[in-house]
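Data first, discussion second: the structure below is written as structure tokens.
The values are calculated or read from the model by the stated rules, or taken from the named source; none is laboratory data. Everything numeric in this text was worked out from a predicted model, so none of it was measured. Note that we place each Cβ from the backbone using ideal geometry, even for glycine, and neighbour counts take in every protein chain shown. Just the protein is used for accessible areas: all its heavy atoms, side chains included, with ligands, DNA and RNA removed. Shrake-Rupley method; radii C 1.70, N 1.55, O 1.52, S 1.80 Å.
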Amino acid sequence: MSTRIARLLSYSGIASLLVTGCSRGASPSVAAGQLLYAESGCGSCHGKAGDGRGPIASTLDPAPTDLRHGMAFKSSFDEVSLAEMLATGIATHNHPADATVDAHHNQGMPPFPHLSDTERRSLALYVMSLNTDPR
């Protein structure tokens, strides 16, 4: 193998490692969360502005949370807690735990386990950015 080819392979290997390393280390961000909010259908329940008035909100019991009010959350209103809630969803248990009842009907909010931890943390940061409650 010529020195030139060996050098090219070495440079391409380094470039590949840099690209792979950068994509793995992506940090959660509000901007990424905003995109995920739109792509994941959050607005269909919580509304485009997070006000809890999405197109299907009136059909849901309980009504979706107004994401603009951090004090409305039963659990902590921080990045880690919100990301965990997105992973597990919120069970309401409005219906008896019964094999004939679709499990989805026991969800106040479905889980989003298909999202990565970074994606859920980005969504959490976006939801936190909507908060209008005084600190």
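Here HIS104 meets the list (1) open to solvent by less than 30 Å² (accessible area, probe 1.4 Å); (2) at pLDDT below 95; (3) outside any loop (DSSP other than H, G, I, E, B) almost entirely, failing just condition (1). The residues on offer are ALA32, ALA63, ALA26, ALA83, and the sole one that is farther than 28 Å from PRO134 by Cα and either at pLDDT below 95 or part of a helix (DSSP H, G or I) (or both) is ALA26. Say we look at segment 112-135 and pick out the residues that are part of a loop (DSSP other than H, G, I, E, B) and open to solvent by less than 70 Å² (accessible area, probe 1.4 Å); which of these is modelled with the lowest pLDDT? Step by step, filter segment 112-135, then rank; the result is ASP133. The residue list GLY43, GLY52 contains one member that is touching a Gly at 6+ places or on another chain (Cβ under 6 Å) and open to solvent by less than 60 Å² (accessible area, probe 1.4 Å), which is GLY43.
The single condition among (1) modelled with pLDDT under 90; (2) within 22 Å of PRO113 (Cβ to Cβ); (3) out of contact with any helix residue (DSSP H, G or I) (no Cβ under 9 Å at 6 or more places or on another chain) that HIS93 does not satisfy is (3).
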